[in-house]
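To start, the structure itself, in structure tokens.
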Amino acid sequence: MDALLCVAIAAGALVLGIMLGLRWGHRREEPIPAQAAPAPEPPVADLLERVFRSTDEGLAVLDSGGDVVLHNPRAAELGVVRGGLPDARAATASQRVLSAGMTVDVDLSPLDHRGRQPAAVLAHVRPLGDGYSMVEAADTSEAVRLEATRRDFVANVSHELKTPVGAMGLLAEAVLDAADDPTEVRRFSTKILNEANRLGNLVTELIALSRLTGAERLPELQVVDVDEVVQEALARSRLSAESAGIEIIVDRPTGLEVDGDLTLLVTALSNLVENAIAYSPADSAVSVSRRRCGRWVEIAVTDRGIGIAPEHQKRVFERFFRVDPARSRATGGTGLGLAIVKHVLANHGGEVRLWSSPGTGSTFTMRLPAHVEPGTEPALPAQGALSDHGPVDPTNRPVDVPDRVG
């Protein structure tokens, strides 16, 4: 019995040894994968050519005869090279560079600006030695546009500030001349006060516009109750409405919410209401309504005033632009109110829309992204369906609900 047990153990050991040997043999027969050879690095000349062709600046190399030796696609886009020939101004500058041995700046702006061509191109022409020169051109259209905007803004501000300051000086002289006449002193003093208020409003709105266009960081956006925005804006405008004999009609509270800054939104809405009051005839009405339209919250201000001609509707949001300068000056307007509205809405991820018909009136609509609780998505209404607060009107004119203010 012991002998049989020993034989069984020996046989099992033999079989196990054979299996391990076969496994080890197969493992050794498996080929060892060869390591991939590292990819060869591109030559420096190839890298330089890639940089030359991919740069945002237009580059062109000219020889001593003014012929183009090499240029990148951007040079053709900027007009430095056309049909394989250099711009005549660049060729002339190249000859000056070769003779003087110094860098020359040249204006290569298109002489006939068309389509998508850059409006302004500035080039530096520098010598490369051995009779070669390089033209390095850049599109400066945006910088030129900003500089023109800055000049126009400074000129407009200077003019707008000069008007009330000059008027105050003349009125002060009139007060001195009429020192013995209390009635005239009172009349001129009232005008001085009006001009001082106008000057103060202008400076305040200039500061606000400066902050909105990036001079100051905007405050963090919070959840804002739209009803509170409407209430505070109407409170600011109540005195103006009463003085002008304008009735303000406002719809019922909606409970809508947006993400934004309460102070800025109240300023924007009150500017729209004040604008509507200023351009409405006496004994007329101004309507303020709010509604939910898909993922947007809309606040509309409608007047029954003179309206805005189609050719002026795209310009009403420009700084200092006035549809009726005489009326604006009579009401103390600065021409900055709608520009402030535009920037407030843009900084909130929204927009302001305009509908107007001459002789009928105008509707300005503030559109803001509705506040959405985390983890939820707003439902979008089907086309032609009702919004959360009434039918969607394609003209954005609000439906008046008879809750009157003022």
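Coordinate-derived values only; no laboratory data. These figures come from a predicted structure and were not determined experimentally. No Cβ is skipped: glycine too gets one built from the backbone with ideal geometry, and neighbour counts run over all protein chains shown.
By how many nm would the segment from ALA45 to LYS191 grow when fully extended, if each residue of separation counts as 0.36 nm and the alpha-carbon distance is taken off?
Values: separation 146, 0.36 × 146 = 52.56 nm, distance 7.57 nm.
Going from the current span to full extension adds 45.0 nm.
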Review point. Where does the charge balance sit around THR103 when Lys and Arg score +1, Asp and Glu -1, over other residues with C-beta under 14 Å from its C-beta?
Key: 0
Study note, to complete from the structure: Interchain or sequence-distant (5+) residues whose placed amide H lies within less than 5 Å of the amide H of LEU336 are PHE320
Practice item. Work out how much length ASP259 to PHE52 would gain on full extension: take 0.36 nm times their residue separation and subtract the Cα-Cα distance, in nm to one decimal. Key: 69.9 nm
Check your understanding: Over the alpha carbons of the stretch 251-299, what is the largest minus smallest coordinate on each principal axis, giving the biggest first in Å?
Key -> 36, 21, 16
Point to revise | Among 74-84, 306-316, the order from most to least packed when residues are scored by Cβ within 10 Å on average | key: 74-84, 306-316
Revision key, fill the gap. So, with points 7 Å from each Cα along the Cβ direction, the LEU221-ASP283 label distance in nm works out to 4.5 nm
Review point. Quick one: if the Förster radius is 51 Å, what FRET efficiency do ASP105 and GLN313 give, using the C-beta to C-beta distance and rounding to 0.05?
Key: 0.75
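Calculate, in nm to one decimal, what ASP177 and ASP130 gain on full extension: separation in residues at 0.36 nm each, minus their alpha carbon distance. Please report the intermediate quantities before stating the final value.
Values: separation 47, 0.36 × 47 = 16.92 nm, distance 7.98 nm.
Here the answer is 8.9 nm.
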